Amino acid sequence: MPRIKLIIEYDGSNYHGFQKQDNARTIQGEIEKQLFNLCREKIRVCAAGRTDAGVHARGQVIAFDTVSSIPATHWPLALKSFLPDDIQVLSSSEVSPDFQPQFHSISKRYAYFLYGQKPCATFYRKYALCNDDPIDTTAMSKACQFIEGCHDFRAFCASGSSAKTFERTVLHCSINEEGPLLRLNIEANGFLYNMVRIIMGTLLEVGRKRIAAEEIVDIIQSRDRTKAGPTVPPQGLYLLSVKYPPERK
């Protein structure tokens, strides 16, 4: 039975996250429903990450086993007329039977967008955090330097996490301005529960001059969630891509 890998993008605005739930509309639930409609086969998909309600993806990776005769590269076309407009398959391929999107990944890239004009444009309210406070982006960029590296990120993990260890390596963290949009770019070998949203909330506190950039070091070392900034809302968060070693591509 072949295992198929899909790279998908979705607008998470109308979903209660990726993971399937009994009484809520989710990305996984919608995909599995449409796979059944296409193949008349009960298919269970697994993903590289379980994005929360309202979070978007430009490069989520999922995989599933199937007895379908659809060629491995034809799944984007096959699913196009079945999936809703806010979920799209970008590419597909056959992978080894033991491929696991989550456990075989070596890094994930996220972006978080802040819209900085008032009033917030209608078309950004579901896709960015609206903020009209003056912020010091230079200080935020400086703070990003202290986030990079291998650390215990317990202070940037929300309660309810099932993580057994809190050490993660942030490979890249930066702030860019794109017109009225402020963008956090972050890549790591793994992320804790709400880690990106807490990092962005903390960087915003730096930008508002409530926390000094250098205090990021103390916050990390404290391993105390109460020392970091708030968890920003989900709509500004995007899973951009998932990286795998060459033998897993």
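The values are calculated or read from the model by the stated rules, or taken from the named source; none is laboratory data. Bear in mind the structure is a predicted one, so any value in this text is a computation, not a measurement. Cβ atoms come from the backbone with ideal geometry, glycine included; neighbour counts cover every protein chain shown. Quick note on the areas: whole protein, heavy atoms, side chains included, nothing else; ligands and nucleic acids left out. Shrake-Rupley method; radii C 1.70, N 1.55, O 1.52, S 1.80 Å.
For the chain, the carbon plus sulfur part of the accessible surface works out to 48%, probe radius 1.4 Å.
For segment 115-249, the ratio of Cα radius of gyration to the globular rule of thumb 2.2 N^0.38 Å stands at 1.06. Here the peptides 144-150, 161-167 are ranked by packing, the mean other Cβ count within 10 Å, and the order with the highest first is 144-150, 161-167. Averaged over its residues, segment 93-138 has an accessible area of 60 Å² per residue, based on protein heavy atoms and a 1.4 Å probe. Relative contact order for the chain: 24 percent, from Cα pairs under 8 Å spaced at least 6 residues apart, divided by residue count.
Within segment 108-161, the ratio Rg/Rh, alpha carbon atoms throughout and Rh by Kirkwood, equals 1.05. Karplus-derived 3J(HN,Hα) values for segment 147-160, using 6.51 cos²θ - 1.76 cosθ + 1.60 with θ = phi - 60°, are 7, 5, x, 8, 9, 7, 9, 4, 5, 10, 10, 6, 5, x Hz; glycine and proline are entered as x. Largest first, the residues 215, 41 sort by 1.4 Å accessible area into 215, 41. Distances between placed amide hydrogens fall under 5 Å for residue 223 paired with 155, all partners being 5 or more residues away or on another chain.
Given in Å, the Rg to one decimal and the Dmax to the nearest whole number for the Cα atoms of the chain are 19.1, 59. Among 157, 39, 173, determine the one that fluctuates most according to a GNM of the chain built with springs between C-alpha atoms less than 10 Å apart. Per the Cα network of the chain with a 10 Å cutoff, 39 tops the list. At most 13 other Cβ atoms within 10 Å and a DSSP loop assignment: could you name the chymotrypsin sites (Phe, Trp or Tyr not before Pro) in segment 86-127 that fit? Sites meeting the loop and neighbour criteria: 103. In this structure, the residue pairs whose Cα-Cα separation is over 26 Å, taken from 5/126; 5/164; 42/164; 42/80; 209/243; 20/108, are 5/126; 5/164; 42/164; 209/243.
A viscosity of 1.567 mPa s and a temperature of 4 °C, combined with the Kirkwood radius over Cα pairs in Stokes-Einstein, give a translational diffusion coefficient for segment 23-119 of 85 µm²/s.
For segment 136-145, backbone phi angles converted through the Karplus equation (6.51, -1.76, 1.60; θ = phi - 60°) give residue-by-residue couplings of 9, 6, 5, 5, 5, 5, 5, 4, 4, 5 Hz, Gly and Pro being listed as x. Converting phi to 3J(HN,Hα) with the Karplus coefficients 6.51, -1.76 and 1.60 and the offset θ = phi - 60°, segment 27-37 yields 4, 4, x, 5, 5, 5, 5, 6, 5, 5, 4 Hz in sequence order, with x at every glycine or proline. Protein heavy-atom accessible surface, 1.4 Å probe, per residue over segment 143-240: 44 Å². Within straight-line reach of residue 33, meaning a Cα separation under 18 Å, sit the following aspartates and glutamates at least 8 residues removed in sequence or on another chain: 9, 11, 22, 41, 65, 85, 86.
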